[in-house]
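The values are calculated or read from the model by the stated rules, or taken from the named source; none is laboratory data. For clarity, every value in this text was computed on a predicted model and none was experimentally measured. Cβ placement follows ideal geometry from the backbone for every residue including glycine, while neighbour counts extend to all protein chains displayed.
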Ligand SMILES: [Zn+2]
């Protein structure tokens with residue numbers, strides 16, 4: 001049975017013809033900025049200001065984690081539009097509420113879309129390869 005998030009991911013892939021969260025952001029006029037945060041525990045931030053949607057991504061993260069963070073923040077921009085949110089690194093990732101879980105589930109499923117579940121790779125190695133925090137294995 002597919003979850004609500006599975007259905008959203010499939011709809012986005014079909015509509016935007018990509019699983020690249022940067023392209024999905026661009027297609028939706030979501031502004032993405034790369035940022036140096038004073039606190040390096042911050043993965044990213046989503047802000048809603050004067051009807052504009054801004055995603056800030058920690059530019060000091062490895063590129064693969066920047067992509068994951070972009071997917072997470074893009075979900076907030078599209079589905080939690082009027083909230084301002086902060087996405088923190090694994091040390092402080094939990095406990096998190098429903099909105100954070102949805103955003104992370106979306107980004108995980110978006111990035112792994114089309115990857116065979118029968119692959120020989122362990123979930124840990126898939127996470128490592130795609131820059132997905134290990135905590136996200138619950139969504140795989
Ligand atoms: Zn978040």
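Odds and ends about this structure:
- Each residue in the range 1-23 was checked for being in contact with a helix residue (DSSP H, G or I) (Cβ under 6 Å, 6 or more places away or on another chain) and without any contact (Cβ under 8 Å) to a residue 60 or more places away in the chain, and 2 of them qualify.
- The condition of being out of contact with any strand residue (DSSP E or B) (no Cβ under 6 Å at 6 or more places or on another chain) and within 11 Å of the ligand (Cβ to nearest atom) does not hold for residue 131.
- Hits in the range 124-133 - residues which are exposed (fewer than 12 other Cβ atoms within 10 Å of the Cβ) and assigned to a loop (DSSP other than H, G, I, E, B): none
- A single entry from 87, 99 fulfils the requirement of being more than 18 Å from residue 16 (Cβ to Cβ), in contact with a strand residue (DSSP E or B) (Cβ under 6 Å, 6 or more places away or on another chain) and surrounded by 14 or more Cβ atoms within 10 Å (Cβ to Cβ): 87.
- Which listed residue, of 83, 136, 121, is at pLDDT below 90 and assigned to a helix (DSSP H, G or I): 136
- Residue match in the range 52-68 (condition: within 13 Å of the ligand (Cβ to nearest atom), touching a residue at least 24 places away in the same chain (Cβ under 8 Å), under 22 Å from residue 9 (Cα atoms) and assigned to a helix (DSSP H, G or I)): yes
- Any hit, the range 40-59, residues being within 22 Å of residue 4 (Cα to Cα), loosely packed, with under 15 Cβ neighbours inside 10 Å and touching a strand residue (DSSP E or B) at 6+ places or on another chain (Cβ under 8 Å): no
- Any hit, the range 31-51, residues being in a loop (DSSP other than H, G, I, E, B), without any contact (Cβ under 8 Å) to a residue 60 or more places away in the chain, out of contact with any helix residue (DSSP H, G or I) (no Cβ under 9 Å at 6 or more places or on another chain) and within 14 Å of the ligand (Cβ to nearest atom): no
- Filtered by the rule that a residue be farther than 14 Å from residue 42 by Cβ, within 11 Å of the ligand (Cβ to nearest atom) and at pLDDT below 80, the range 86-109 gives a lone residue, 96.
- Residue 23 vs. criteria at positive phi, surrounded by fewer than 18 Cβ atoms within 10 Å (Cβ to Cβ) and more than 16 Å from the ligand (Cβ to nearest atom): no
- Checked against the criteria, residue 76 does not count as surrounded by 12 or more Cβ atoms within 10 Å (Cβ to Cβ) and more than 20 Å from residue 132 (Cα to Cα).
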